[in-house]
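Worksheet: one structure, shown below.
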Amino acid sequence: MTRAAGLERLSAFLAEAAPAYAEARNTDRGPDAPPTTSALSPYLRRRLLTEAEVATAAVAALGAAGAEAFVTEVFWRTYFKGHLETHPEAWTRYLSDLAEARARLAAEPGLRRTYEAAVDGRAGLDGFDTWARDLVATGWLHNHARMWFASIWIFTLRLPWPLGADFFLRHLLDGDPASNTLSWRWVAGLHTRGKAYRARRDNIRRFTEGRHDPAGLDEDAAPLEEAMPPREVPLAAADAMPDGPVALLLHLDDLHPESLPLGPARIARVGGLLAHVEGATDRVRSADAAAMVDALARAAAHFGCPADPVRAGWSGDLPVVTAWAPLGPSAAALPGGCLRLRRAWDETAWPLATRGFFRLKRAIPDLIAA
């Protein structure tokens, strides 16, 4: 998991699958077939590649019209981050609901049996069982399969959605707290209240090209409900960068230090903070660790200073600056007193992500131009 590998993947996507992306992206041909999506999300999740460079590369290669569908998907990731930053209660509720659901697993044998069969790929549902096994085996699922899986989990198997979101977050190589949490809430009918996503047999059959044809799905279940949606809060302001030497703290949400807007700050030391998702698999932890090693090596070369994993006293007496860490493990692990900077991409897009996606979508051409 390196920036070089991400750039290679981006180049291959733009040359091969990108021209057909708009037509083919919803088709899941399985893990052994060439992907119909970009497969760039593990690199974007860690910002080994930035959204700005990926979107502008797509527009340069395909033109604005040809790149529109792909660039829109890139902005969905930005939207989810901005929405969670301005609705942090969605994250804290997820964590508390997950703890409650885990307590139910311990207390309710029937629920526990259904859950264990689901995550082991033994639910008896064509497609769903394959996706569960593929996720565990590879750390990856096609985006359309993720939607089908989440819908079946919630509406057919009647399992608590936070348990499914946790299953994804622990296994996915691109597991992102914002995208994952809000996607599951969207499927359940909580993100857009009363509007759920229901997996349908004919849709699965069509977009898996007949590989899967599941019977017994509940295609008419009512959306889930909550008493009140998460409250919107103002987006916290970024900090001004100091003039002079600083220590730069890298974390797993932003591993492209070469492009950070550091202003007058001069990087004298770099430290890497690894904060994994709770319960992350060895595959995910290894990818995180490899990405951090790569970022530290690039930072050392770019800034001409020591760059090592964070240890006690690593920053000395220097002020510590860091890229903005969206809600999740990295944000929770940041030491007090860090000065947080924000990229122009997030600064301009996140304020447009407080409601539905289409407010941000309308602004995409202007944001790309800027």
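The values are calculated or read from the model by the stated rules, or taken from the named source; none is laboratory data. Remember, it's a predicted structure, so these values are computed and weren't measured experimentally. FYI the Cβ positions are ideal-geometry reconstructions off the backbone, even for glycines, and counts take in every protein chain you see. Ligands, DNA and RNA are stripped out before the accessible areas are found, and what is left, the full protein with its side chains, is counted by its heavy atoms. Shrake-Rupley method; radii C 1.70, N 1.55, O 1.52, S 1.80 Å.
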- How large, in percent, is the carbon and sulfur part of the accessible surface of region 245-341 at a probe radius of 1.4 Å? 55 percent
- Report the convex hull volume per residue for the chain, counting only C-alpha atoms, in Å³. 140 Å³
- How large is the accessible surface per residue of the chain, computed with a 1.4 Å probe and reported in Å² as a whole number? 43 Å²
- Query: What order do you get for 191-202, 214-225, 340-351 when each peptide is scored by the mean count of other beta carbon atoms within 10 Å, highest first?
  - Reply: 340-351, 191-202, 214-225
- Note on the structure: Among beta bridges assigned by DSSP with both residues in the chain, the antiparallel ones amount in percent, to the nearest 5, to 5 percent
- Query: Which percent of Cα pairs goes in each bin when the distances of region 103-246 are cut into 5 angstrom slices starting at zero?
  - Reply: 2, 9, 17, 20, 19, 13, 6, 4, 4, 3, 2, 1, 0
- Query: Which far-off residues, 5 or more places away or on another chain, put their amide H under 5 Å from the one on ASP254, with H placed in the peptide plane?
  - Reply: none
- Query: How big is the gap, in Å, between the Cα center of region 283-324 and the Cα center of region 3-64?
  - Reply: 27 Å
- Task: Would you kindly state how much longer the chain becomes between ALA99 and ALA332 on full extension, computed as 0.36 nm times their sequence separation minus their alpha carbon distance, in nm to one decimal?
- Result: 82.1 nm
- Message: If you filter region 59-156 for trypsin sites (Lys or Arg not before Pro), then keep DSSP loop positions with at most 14 other Cβ within 10 Å, what is left?
- Response: ARG122
- Net charge over other residues, Cβ less than 11 angstrom from the Cβ of THR192 (K, R count +1; D, E count -1): +4
- Task: Identify, among LEU327, SER315, LEU296, the residue whose Cα sits farthest towards the positive end of the charge dipole of region 246-344, taking +1 on the Cβ of Lys and Arg and -1 on the Cβ of Asp and Glu, with the dipole about the Cα centre.
- Result: SER315
- Task: With the Cα gyration tensor of region 245-341 in hand, convert its eigenvalues to equivalent ellipsoid semi-axes via √(5λ) and list them largest first in whole Å.
- Result: 21, 15, 12
- Message: Below 8 Å, C-alpha to C-alpha, sequence gap of six or more: please give me the relative contact order for the chain in percent.
- Response: 20 percent
- Note on the structure: Descending packing, highest mean Cβ count within 10 Å first, for 166-178, 354-366 is 166-178, 354-366
